[in-house]
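The values are calculated or read from the model by the stated rules, or taken from the named source; none is laboratory data. Only a predicted model underlies this, so the values are computations on that prediction, with no experimental measurement involved. Positions of Cβ are backbone-derived with ideal geometry, glycine not excepted, and every protein chain shown enters the neighbour counts. Side chains included, ligands, DNA and RNA excluded: accessible areas come from the protein's heavy atoms. Shrake-Rupley method; radii C 1.70, N 1.55, O 1.52, S 1.80 Å.
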Amino acid sequence: TGGTLGRAGTAAVAGNTVVVKDLFETLQKFSKASKEFNGEMRKVAYTIARSIEAKVKIEAGSVSRASQAIEVAKGLRASNDRIPTIKLRSKESFVSKSRPNSKRKIKVTRGDVFFGAEFGGGAKRNTLQFLRHRGQSGYFFWPTVRKQKNEIAKEYLEGIDRVVKKLGIG
């Protein structure tokens, strides 16, 4: 367990998570102190999320039989939020190599494939197209987040510090 200390408090990094102690209370306190705080924090968080998104897309290309991971990663987008957030455009369809959409009544969507591409499958007849099931470890999204978690916490807390200092509210 590592720790990062910033004006917003401490960030503990353990397992798959980065926990910033009292984060939402801190964000609320600073947003009440300055109208510009939320907008500035959205910029900080978006920059971090875009960086993670780019790294996830690179990692998706390194997965063996990567076409599913690459297709899913194409649907990932950094979201404009006060905390780094990445969302999947899950209803967006794409052309499946195994059964092209022209031959299907219902098109394949990125949401249909995400969990199989990320965590694997193979135990059931309808998941044989995916790599071996890996439990919670994942193939491209979560491994990238885990590799970056210390940097995410550090960048985010430093971003809060910069915004608070810039706005003179700390």
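Anything in the stretch 140-166 that is of a type in the set (D, E, K, R) and within 13 Å of Ile83 (Cβ to Cβ)? List them, or say none.
Glu155
Go through the stretch 63-90 and count every residue that is within 25 Å of Arg132 (Cβ to Cβ), out of contact with any Lys or Arg (no Cβ under 7 Å at 6 or more places or on another chain) and either part of a loop (DSSP other than H, G, I, E, B) or open to solvent by 80 Å² or more (accessible area, probe 1.4 Å) (or both).
5
Gly138 - would you say it is within 30 Å of Val44 (Cα to Cα) and assigned to a helix (DSSP H, G or I)?
Judged against the criteria, Gly138 is not a match.
Of the residues Ala54, Ala60, only one is among the small types (Gly, Ala, Ser), closer than 17 Å to Phe114 by Cβ and outside any strand (DSSP E or B); which?
Of the residues listed, the single one that is among the small types (Gly, Ala, Ser), closer than 17 Å to Phe114 by Cβ and outside any strand (DSSP E or B) is Ala60.
I'd like to know if the stretch 35-44 contains one or more residues that are open to solvent by 70 Å² or more (accessible area, probe 1.4 Å) and farther than 22 Å from Gly170 by Cβ.
Scanning the stretch 35-44 turns up no residue that is open to solvent by 70 Å² or more (accessible area, probe 1.4 Å) and farther than 22 Å from Gly170 by Cβ.
Could you tell me whether Phe130 is in a loop (DSSP other than H, G, I, E, B) and within 22 Å of Ser62 (Cα to Cα)?
Criteria met by Phe130.
For the subset of the stretch 104-152 comprising residues that are of a type in the set (A, V, I, L, M) and modelled with pLDDT of 90 or more, which member is surrounded by the most Cβ atoms within 10 Å (Cβ to Cβ)?
Out of the qualifying residues, it is Ala117.
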